[in-house]
Structure formats: structure tokens, C-alpha cells
Amino acid sequence: MIITDKFAFVHLPRSGGTFVSEVIRKFFPSAHEIGYHLPRTLLPREYSHLPILGGVRNPWEFYVSWYHHVWPRDAATPLISWVSENGEVGFEGATRNALNLGSNNERLDALIEMLPEQVDYRKRNIPNITKEAMRRVRGTGVGYYTFRFNHLFGNTNDVFVCRLETLKQDLVRFFEDINVATDELRDYVLRSDKVNAADYLHYSTYFTAELAELVSIRDRQLIERFGYVFEQASSVQMEGQKMQSG
């Protein structure tokens, strides 16, 4: 979480947060991090008056992005070793495990046992979910992305949530809404390239029909709230990705 004198930014993983953090640090001298992926519920009282900024992305794309980003780096961490069954399953099996987070009590108990009682949010690349936080997912039927969204933002009625698909425009609108937008800030946000982008094919190519449907069930809250749909890659997109990876 990054705090400024004008707003607070809660960083949901793989949802545009790296770019947003870069912008904040560049244009807001008061910016300082008080915890990495710190949940809003832990926001210190002296900052409770600040507007909250967050991000979200298409859940189907999230799972592909998450898989490609964390597996090479975090394979040994409790969550990833649990999801991937110690590296024994690939994208389909790992994603199914993540989606059934709030539905399979036996596997959930095993994960809770692996997690810490407390988290030092000053540190990065650690299990930043506690046993107690994970216990709350029991019986909810939600997938990992919805759990993570709810865990970090809580009641989001008063959170300004940028969609990754329209991140630059949404971010500018947030800055305008709180009266901190400048021409330099607008120009920088709208002209910047993607940050921390992964190299993988269109997300639809990773899903079977059954797995795509499971996302629509487990992450229905986010899908309905933000109007997401499962889209097939166009021939133009696929050709462009082949040229990029060639």
C-alpha cells in the first residue's frame, strides 16, 4: 500500500499495480509505502480519511498472468507450492485448485496449515496472507482472485477501482476527481508503455471450455460487477503474438 497526502493506493497483484505505483512515486513527493500488498483493513487510522485507489482485471486473464509471473519466481512459497501441488500440475490443474479455494475444505485446511499466523508486510516475496484471512474463504465458493480482491479491499463501495483494460484513462479520471491532475501527469500516464508485462499468448488459448466456465462461477462477483466476458483471441491478435515470440 502506498500512502500520499491526497490518497492511498491498495495494490492487488497482477492488476496494473506496478504501473500505478511508478506514476505515484514520480508525481507525488509525499508517497511512501507502508506495506506490500497491505489489506485496506490494516490502513492506519490517521489515513482513514483518504480516498482509496485500486485496480482489477479480467479474471480469466488474471490466472494466466499470475501463472506466468509467479511460477518461475515463487514456486517454493506456500501458496504456489499448494496450488501447483509441488510443481506436479501445470496451468489447468493449478488454476482449478486456485478456483476451488473456497470450495474444497480438505485442501483449504492443508493450505491454512502452511500459512503464517502473522505477516510482516514490510517484506516482499513472502506469504502475505495469514491463516485467519484464509479461514474466511471457507464455504464462500469464491475463486482465488475474488478472494484476493475482497481480502485487500473489503467493502469497495467507496474505492475507485481502475480496470486494467482501461487503466490509463481510469487513472487520469481518478486524479481529476480528486483535483490533483496536471497536464504533465495526464501526458505521462496516457503516453507511457506497459510496465511488468508478461510474454504469453491470448488468455483464451490456455482454457478448456470447462475451466473457463469454472472461472465464470467462482469469480462471478467480479465478472458481473465489472462487466467482464470471456473473449476468444482474434486471428489478428494470434498472428501478432506469433511475431512477437518468434
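The values are calculated or read from the model by the stated rules, or taken from the named source; none is laboratory data. Predicted model, so just to flag it, every value in this text is computed and none were measured. We place every Cβ from the backbone using ideal geometry, glycine too, and count neighbours over all the protein chains shown.
Descriptive notes on the structure:
- In region 119-140, the residues that are crowded, with 16+ Cβ neighbours inside 10 Å, in contact (Cβ under 8 Å) with a residue 60 or more places away in the chain and either touching a Pro at 6+ places or on another chain (Cβ under 8 Å) or more than 15 Å from residue 41 (Cβ to Cβ) (or both): 133
- Extreme residue, surrounded by the most Cβ atoms within 10 Å (Cβ to Cβ), among residues of region 76-93 that are among the small types (Gly, Ala, Ser) and assigned to a helix (DSSP H, G or I): 81
- Scanning region 28-59 for residues that are hydrophobic (A, V, I, L, M, F, W, C) and either closer than 19 Å to residue 156 by Cα or not assigned by TED's automatic domain parsing to the domain that holds residue 8 (or both) returns 38, 42, 43, 50, 52, 53, 56.
- Selection count where residues are more than 26 Å from residue 208 (Cβ to Cβ) and in a loop (DSSP other than H, G, I, E, B), scope region 94-150: 19
- Residue 57 being of a type in the set (D, E, K, R), out of contact with any helix residue (DSSP H, G or I) (no Cβ under 9 Å at 6 or more places or on another chain) and modelled with pLDDT of 95 or more: no
- Where residue 204 falls short, out of the listed (1) of a type in the set (S, T, N, Q); (2) in the same structural domain as residue 7 (by TED's automatic domain parsing); (3) out of contact with any Leu (no Cβ under 9 Å at 6 or more places or on another chain): (2)
Per-residue answers, yes or no, for (1) hydrophobic (A, V, I, L, M, F, W, C); (2) out of contact with any Phe, Trp or Tyr (no Cβ under 8 Å at 6 or more places or on another chain):
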| position | (1), (2) |
| --- | --- |
| 50 | yes, no |
| 58 | no, no |
| 64 | yes, no |
| 89 | yes, yes |
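- In region 151-164, residue surrounded by the most Cβ atoms within 10 Å (Cβ to Cβ) [restricted to those that are part of a helix (DSSP H, G or I) and over 15 Å from the mean Cα position of the chain (by Cα)]: 158
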